[in-house]
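One structure is given below, encoded as structure tokens.
The values are calculated or read from the model by the stated rules, or taken from the named source; none is laboratory data. The structure displayed is predicted, hence computed values, not measured ones. Neighbour counts are summed over all protein chains in view; Cβ atoms, including those assigned to glycine, are modelled from backbone coordinates with ideal geometry.
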Amino acid sequence: MVTAPPEGPRKQSRFDELVAQGAIRAAERNLTTKDLDQYTRISVPEDVDPLAILLKMREHER
């Protein structure tokens, strides 16, 4: 017995939704570790929650 996926458009994932909203960008092709220097780096002390820092930085967007 062979089963086929249902016909019709596939359900949009959360990733697809965020890309469509412009909240995130999909990775470009051929990225390597040498490209990591292009990304923002945030120093986080060990006793601090990294998520709390990110939320504080983006507080103005709420």
Looking at region 27-62, which of its residues are within 20 Å of Phe15 (Cα to Cα), surrounded by 10 or more Cβ atoms within 10 Å (Cβ to Cβ) and modelled with pLDDT of 85 or more? Leu54, Leu55
Taking the stated definitions as given, is Lys56 outside any helix (DSSP H, G or I), of a type in the set (Lys, Arg) and over 13 Å from the mean Cα position of the chain (by Cα)? no
Is there any pair linking a residue in region 34-62 that is in contact (Cβ under 8 Å) with a residue 12 or more places away in the chain to one that is of a type in the set (Val, Ile, Thr) and surrounded by 10 or more Cβ atoms within 10 Å (Cβ to Cβ), with Cβ under 9 Å and at least six apart or on different chains, and which? Ile42/Ile53
Selection within region 1-26 - among the β-branched types (Val, Ile, Thr), modelled with pLDDT of 80 or more and in a loop (DSSP other than H, G, I, E, B): Ile24
